[in-house]
Amino acid sequence: MAQVSFAEKRTNPRFIFFADAEATLQDGTLVLGQLSELSSRGCYIDTLESIPIGTQIHLRICDGMSSCELHGRVIYMHSGSGLGIFGMGVLFGEIAVGQHSAIEVWLRELADRRASQAVLNLSS
């Protein structure tokens with residue numbers, strides 16, 4: 001049976017989105033990273049330290065003046081091909097209303113940019 005990639009399983013659009021990320025493990029270890037993709041249900045983070053698949057994390061995402069904090073779980077990991085960078089897919093847990101609205105604002109802005117770019121590409 002062929003294995004289906006996570007990209008093919010996604011039900012929510014994922015957008016390119018760069019922001020600072022702080023993942024706090026249950027033992028209090030802080031792992032700094034860079035968020036590079038965002039959807040309403042999860043994100044993709046690059047870090048210098050690997051976080052094992054299945055690990056529960058407290059995640060803080062900061063984009064300039066906007067930030068949100070939520071819980072998540074690492075669902076897959078890519079090694080850095082010897083570069084020392086690890087990419088991880090994080091599935092968000094239950095999101096508080098205030099935190100959900102911050103993510104929705106970011107996603108709405110990203111969707112608007114994508115739609116504007118599509119219109120520009122069609123008119124070119």
So how much slack lies between residue 75 and residue 108, counting 0.36 nm per residue of separation and subtracting their Cα-Cα distance, in nm?
9.4 nm
Quick check: the angle from helix 97-123's long axis to the longest principal axis of the chain, C-alpha only, nearest 10 degrees?
40 degrees
Can you list residues from other chains, or at least 5 along the same chain, whose modelled amide H is less than 5 Å from the amide H of residue 71?
59, 93
Project the alpha carbons of the chain onto their principal axes and report the range along each, largest first, in whole Å.
51, 41, 29
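If I stretch the segment between residue 117 and residue 36 completely, what's the gain in nm (0.36 nm per residue apart, minus their alpha carbon distance), one decimal? Please list the in-between numbers first.
Working: separation 81, 0.36 × 81 = 29.16 nm, distance 1.90 nm.
Separation in residues times 0.36 nm, less the Cα-Cα distance, equals 27.3 nm.
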Solvent-accessible area per residue, Å², over the chain with all protein chains present [probe radius 1.4 Å]:
63 Å²
What are the extents of the Cα atoms of region 23-65 along their three principal axes, listed from largest to smallest and rounded to whole Å?
27, 21, 17
How much length is gained on full extension from residue 11 to residue 97, taking 0.36 nm per residue of separation minus their Cα-Cα distance?
28.8 nm
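The values are calculated or read from the model by the stated rules, or taken from the named source; none is laboratory data. Keep in mind it's a predicted model, so treat the numbers as computed, not measured. What goes into the accessible areas is simple: the full protein's heavy atoms, side chains included, and nothing from ligands, DNA or RNA. Shrake-Rupley method; radii C 1.70, N 1.55, O 1.52, S 1.80 Å.
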